[in-house]
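Read through the structure below, which is laid out as structure tokens, and then see the notes.
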Amino acid sequence: MANLVGSLIVISEVFALPFLLKIDLSPLMRIVSMVFSWIVPATWLKLAIWLVANGNYGLNFGLLGTLVDLNIGWWAIFFSSAMCVMAIWSSWGLWPIQKPAKK
């Protein structure tokens, strides 16, 4: 199950990049990419809360990959919450749906 969740997080991060890098896409794909930019930090936050609630403090959180060992703790919840705020803030600034100009 860990391999599946890890793979889905990486795939979601790749699909979030076009919106965050302002790549020219169709409006529908920009919306899909924006939603993926919300899903990724929400998934990290859910994993951090679940691991802290279960007391799994000795595990590597995996937020920076497997090369950097970061143990789980309250910092992971705060950092994931900050990522959620930044995702919402970037969506507000890069909103993909353009309103038609008033005539």
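The P(r) of the chain has a tail past 22 Å containing 38 percent of all C-alpha pairs. The angle between the Cα long axis of helix 27-53 and the longest principal axis of the Cα atoms of the chain comes to about 20 degrees, rounded to the nearest 10. Rounded to the nearest 500, the 222 nm mean residue ellipticity of the chain from helices alone is -22500 deg cm²/dmol, with -39,500 (n - 2.57) taken per DSSP H run of at least 4 residues. Taking a sphere under 11 Å around the Cβ of Arg30 and counting the other residues whose Cβ falls inside, with K and R at +1 and D and E at -1, yields a net charge of 0.
Considering only Pro41, Pro18, Pro27, give the residue with the highest GNM mean-square fluctuation for the chain, with springs between Cα atoms whenever their separation is below 10 Å. Greatest mean-square fluctuation among the candidates belongs to Pro27.
Assuming 0.36 nm per residue, please report the length gained on full extension of the stretch Ala53 to Ser26 beyond their Cα-Cα distance.
Working: separation 27, 0.36 × 27 = 9.72 nm, distance 4.08 nm.
Length gained, Ala53 through Ser26: 5.6 nm.
Magnitude of the charge dipole for the chain, about its Cα centre and with charges confined to Cβ atoms of Lys, Arg (+1) and Asp, Glu (-1), is about 620 debye.
Computed from the coordinates by the stated procedures, all read-outs in this text should not be read as laboratory data. Everything numeric in this text was worked out from a predicted model, so none of it was measured. All Cβ positions, glycine included, derive from the backbone under ideal geometry; neighbour counts span all protein chains shown.
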